[in-house]
Amino acid sequence: MESKIVEIKQDLSAKKSFYMVGEGSSSSDETESSSASVSSGATPPAESNVHKYMDPDQNISYKIALRQDRSSNNKSSHGLDRSVSDILGRTFITACRDKLVRTPTVICMVGLPARGKTYISRKLARYLTWIGVKTKVFNVGEYRREAFHEYASKEFFNPENKEFAEIRNNCAKRALEDMCSWLNNDGEVAIFDATNTSRQRRELIYDFCTKSYCFRLFFVESICDDPKVIESNVKEVKISSPDYKNVDSQLAVNDFLERIRLYEMQYEPIDESLDKKYSFIKIFNVGERFLVNRVIGHIQSRVVYFLMNIHVLPRTIYLTRHGESDLNLQQRIGGNPNLSPRGRMYSEKLAEFVKQENLADLVVWTSQMKRTIQTASKIEAPKEQWKALNEIYAGICEELTYEEIATKYPDEFAMRDQDKYHYRYPNGESYQDLVQRLEPVIMELERQENVLVVCHQAVMRCILAYYMNKTSDELPYLEVPLHTVIKLSPTAYGCHVEEIKLNIEAVSTHRERPKNCKRFRSLHDALETQPQPQPSNNSPFKQNTKGHAQKMNKNRIKITNEYDSVTDEEKEEIEMYDANDPINCIESIIS
């Protein structure tokens, strides 16, 4: 069967995008779901790296899991009654979450300089990391600068200069070897960021990745003939490049344009006939048109989906939590309460702030919960309600205080402290579930221009983690205070983040990770970091009492595995208790 080639045209202002993929697009040998289910197949596909997977003899049956759970509950006075699906769901999520992609994938960039390859590489890596895929960018330019410390003028890129050509080839080879070594150990997706303009180079990469290592390879070619886009890339991106540090601005521009001309001498674009055996996407003029060929597997489909939804137009995204609610005053989580008196004051202040910003074509997004709708009610702008923006659902812990949860469900409270990102409330959600729920929101934010999102604490943490490139360990502990607007300005190489405080007091709802996360701990230790009921000025941002925007500081995260003041006998008792935990028991057998 011949591979299909599909050409796609897209209006940049369009809000929806559809695409088709070639043969093999239905392949799904990657585990992307976090649902509580047990995978039936334990044998990896023939083309994958067998050493990365657990031995089939180590599979855990329902009976073993249930027996371990009963054993633990019989020996523990703190055991909780949990369903078999609940036990198995958490167990196998924990066991499988470290490997979301079975067959590692290499994404190879192609294109002339100043075509946005590094911009695409970093943005794609940030997206894949956010959805839980271990991703790393290998930039050949960094290897070149490491090997050749002197100023690399245009002559260094002359294809007729054999000496410099050999240096460039060696740098590319080193980067390729490091990339494959990383994927062979614990990586899932690697992005090879280089020009790769010749068909010979791409053939070498294909053979090295697919035949020597059995990885999947997907080419991403950025083609641009719009002079305005090229000029903008040259001025805004390449002038700040390490290649032109301490070099006169005009000299840098002239030198870089000459470098582009030298690359054009040997540039061979991907050809849909000659290169039809490859999986690839060709992006024309930063998203005006796409050509997609032979997309294989879920990861490549996700990459195509993402690349068709991003743009580089300047825009501003505003994030804010709802105003203080009645349940916030009582330090209760979840629920669907109304705003408190101070929350209603914040609603009015927020409307005044939006009016002063004077944003063209602003759209306001809220969740479907009363407190966000009430917060945005006085803003004069079109409003949309998103169910995906609803707060994380705490299941049996909804509308309880942290003290009540620690008292009624001490095991659950401790397990959440041990791994807050992956922990799922009984009958509720985890942060990992929330990230998956928010993916359509992120895709639409990438396509929008000026947006104000009125949401909730956990939701705002997930969105901020995407734009700030935070890890899953950092995400649940990002501090996002009430009555504060976060202004995001996406740039080519990241995102500029600012804070604007609207000077309405509110309680703090931020709880950091306690030092003691063991299940067999005192109530005092469990509640060590619970938020206080009175208003708090603690914030991960620089204080701004006058309401001017300030740059965000790094969030404060306390992660430690130390014991508090306990005796050696108590330590042994704790460790013995944890060893009999059904979750730990199954994890130890799998690992």
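The values are calculated or read from the model by the stated rules, or taken from the named source; none is laboratory data. Note that the structure is predicted; figures quoted are calculated from it, not measured. Cβ sites come from the backbone with ideal geometry, for glycine too, and all protein chains shown count toward neighbours. Remember, those area values only see protein heavy atoms, side chains included, never the ligands or the DNA or RNA. Shrake-Rupley method; radii C 1.70, N 1.55, O 1.52, S 1.80 Å.
Write down the accessible area per residue of the range 139-187 in Å², having rolled a 1.4 Å probe over the full set of protein chains.
Here the residues of the range 139-187 average 57 Å² of exposed surface.
Quick one: if the Förster radius is 60 Å, what FRET efficiency do E380 and D271 give, using the C-beta to C-beta distance and rounding to 0.05?
Using R0 = 60 Å, I get an efficiency of 0.70.
May I ask you to compute the full-extension gain from S249 to E155, defined as 0.36 nm times their residue separation minus their alpha-carbon distance, rounded to one decimal in nm?
Additional length available on full extension: 32.0 nm.
For a protection proxy built on the mean count of beta-carbon atoms within 10 angstrom, sort 510-521, 323-334 highest first, please.
So the order, starting with the most tightly packed, is 323-334, 510-521.
Normalising by the residue count of the range 146-298, find the relative contact order in percent from Cα pairs under 8 Å and 6+ residues apart.
Computed over the range 146-298, the figure is 29 percent.
Using a probe radius of 1.4 Å on heavy atoms only, what accessible surface per residue do you get for the range 395-525? Whole Å² is fine.
Counting only protein heavy atoms, the per-residue value for the range 395-525 is 30 Å².
So how strong a dipole does the range 380-474 carry about its Cα centre when Lys and Arg Cβ are +1 and Asp and Glu Cβ are -1, to the nearest 20 debye?
It works out to roughly 160 debye.
Pairs K355/K501; K349/K378; K154/K228: which exceed 18 Å Cα-Cα?
From K355/K501; K349/K378; K154/K228, over 18 Å: K154/K228.
Which whole-number value in Å² is the accessible area per residue of the range 239-348, probe 1.4 Å?
Each residue of the range 239-348 exposes 40 Å² on average to a 1.4 Å probe.
Of all accessible surface on the range 346-418 at a 1.4 Å probe, what whole percent is carbon and sulfur?
Whole-percent figure for carbon plus sulfur exposure: 45.
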